[in-house]
Every structure is written in C-alpha cells, then in structure tokens.
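All remarks here apply to the structure that follows.
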C-alpha cells in the first residue's frame, strides 16, 4: 500500500471510529416545522409576484382602454386653405 | 388546500420522517465533525442539520429522482461553508485542530466518500484547491496527539 493510500485509510478509520452523537428524537419534527415555514414563505413570495403581475396587467389594460394610443393624435390645428 | 394536495403533503411528510429516521445519525455525525463540537453536546451541529433538513423537506416534491441524502449533505456543506467563520474555534472531536475549510473537505472526501471533482463543484472551488486542503487537513488530523479530549466523551 502506498503512503497516500495508507494516510487516507487512517483518516477514514479515524472518522469512522470517532464518537457518534445521539440523534435527538425530535430531529425530524424540528426540521419539518422549519421546512413548513420555508414552504409558507416561498408560497407567500410567489403570491406576491403574481399579485404584482396581475396589477400591472390590469393597469395596462385600463390605461389602454382610456388613452387608446392606436387611434393616433387628434387633429388640433384646422387646415387652412391658402 | 385541496384534498389531493393535502394527501400528497401527508405522504411527503411520512417519507421525510422515514428518511430522517434512517439517515439522521450519519448526517448528524458529519455535522458534528464539521462544527468540531464534543459529540455529547453539539447544539451548533444540530442547528446546522435542522436547517439543511428543512430545505430538503421544502424541496421534497421537487426532488423526483434525486437522492435526498445527497441533497441534504450538499446543503449542509454549503451552509457550513457560508458560516465557517462562526466555527473557527472547535471545542472537541477528532478534527478540532483543523481550520473549518479543511475540516469540511476532509469530512466530505473521507467521511462521506465524495469524489474530488464532485466536492470541488459543490463548494465552488477548483479541484486542485480541494486536493491541497484535503492533504493539509489529513496531515494535521493524523499528527494530532493520541490523547483526544472530545473523543473520550
């Protein structure tokens, strides 16, 4: 076995033989509660983005229906026959 | 929430519970090695793992074929890398003499058996840097005195 290989094996053994902590019984529950909070925050953010998009679309529709920019500028100066 | 969605959420919660029951021990061991706390009392490692697992819980529906263990480990490593300044001073465990980044690389490569390229990609580091950190970390870990303090707990 080469030297680097032996070092790697020793480190692996050192890590594997180190004391394993006791898993707290409520680990999954704590993670699930935090995960639910994360999901709620994500959903709220998504709802906010949709609300902004909807607001902008409605605003644009109202503005277009009032201004009707496609109708062209109204004729303001009378045509004069010289 | 519609009935179908609620049933799906319940199924995901059950799957998540089963996943944590199976993988929690190994993940917590990795987290404790990272934070360098004495294994008997490791609040920072628990916090780190809970927040990584919370991400996995929230992403559960989107995981599809992905391995939740790998997803959690990646999140754990990324989180630790972001807050490594906080973990500069380790209080126990076999890697307590190593700086946080060396601890991270040694745990990923030899505790978890992650390939060098994969570890480098996950941490956003060049592979050569990962190799150098790993070499230095291994040398420091093996040169430590054989009378471990945190290990005796």
> Can you name every residue in segment A:8-32 that is in contact with a helix residue (DSSP H, G or I) (Cβ under 7 Å, 6 or more places away or on another chain) and either more than 8 Å from chain B (Cβ to nearest Cβ) or in contact (Cβ under 8 Å) with a residue 40 or more places away in the chain (or both)?
Replying inline: none
>> For the list (1) more than 15 Å from residue A:22 (Cα to Cα); (2) modelled with pLDDT of 95 or more, I need the number of the one condition that residue B:87 fails.
In response: (2)
> Of all residues in segment B:71-126 being free of Cβ contacts under 8 Å to residues at least 40 places away in the same chain and under 10 Å from the mean Cα position of the chain (by Cα), which is farthest from residue B:15 (Cα to Cα)?
Replying inline: B:108
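Could you tell me whether residue B:106 is at the interface with chain A (Cβ under 8 Å from one of its Cβ atoms) and closer than 21 Å to residue B:135 by Cα?
Against the criterion (at the interface with chain A (Cβ under 8 Å from one of its Cβ atoms) and closer than 21 Å to residue B:135 by Cα), residue B:106 qualifies.
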> Quick one: residue B:63 ticks every box in (1) within 14 Å of chain A (Cβ to nearest Cβ); (2) at pLDDT 95 or above; (3) within 23 Å of residue B:22 (Cβ to Cβ) bar one, so which box is it?
Replying inline: (2)
>> Here are the criteria: (1) modelled with pLDDT under 95; (2) surrounded by fewer than 21 Cβ atoms within 10 Å (Cβ to Cβ). Tell me which single one residue B:131 does not satisfy.
In response: (1)
> Looking at (1) modelled with pLDDT of 95 or more; (2) within 11 Å of chain A (Cβ to nearest Cβ), can you tell me which one residue B:69 breaks?
Replying inline: (2)
> Which members of segment B:1-15 meet the condition of being part of a loop (DSSP other than H, G, I, E, B) and touching a helix residue (DSSP H, G or I) at 6+ places or on another chain (Cβ under 8 Å)?
Replying inline: B:1
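Yes/no per residue for (1) surrounded by fewer than 16 Cβ atoms within 10 Å (Cβ to Cβ); (2) assigned to a helix (DSSP H, G or I); (3) touching a strand residue (DSSP E or B) at 6+ places or on another chain (Cβ under 7 Å):
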{"site": "B:30", "(1), (2), (3)": "no, yes, no"}
{"site": "B:33", "(1), (2), (3)": "no, yes, no"}
{"site": "B:57", "(1), (2), (3)": "no, yes, no"}
{"site": "B:66", "(1), (2), (3)": "yes, no, no"}
{"site": "B:74", "(1), (2), (3)": "no, yes, no"}
{"site": "B:92", "(1), (2), (3)": "no, no, no"}
{"site": "B:106", "(1), (2), (3)": "no, yes, no"}
{"site": "B:114", "(1), (2), (3)": "no, no, no"}
> Somewhere in segment A:41-63, is a residue under 27 Å from residue B:30 (Cα atoms), modelled with pLDDT of 90 or more and within 9 Å of chain B (Cβ to nearest Cβ)?
Replying inline: no
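The values are calculated or read from the model by the stated rules, or taken from the named source; none is laboratory data. As the structure is a prediction and not an experimental result, all values here were calculated from the model. Here Cβ is always computed from backbone atoms with ideal geometry, including for glycine, and neighbour counts include all displayed protein chains.
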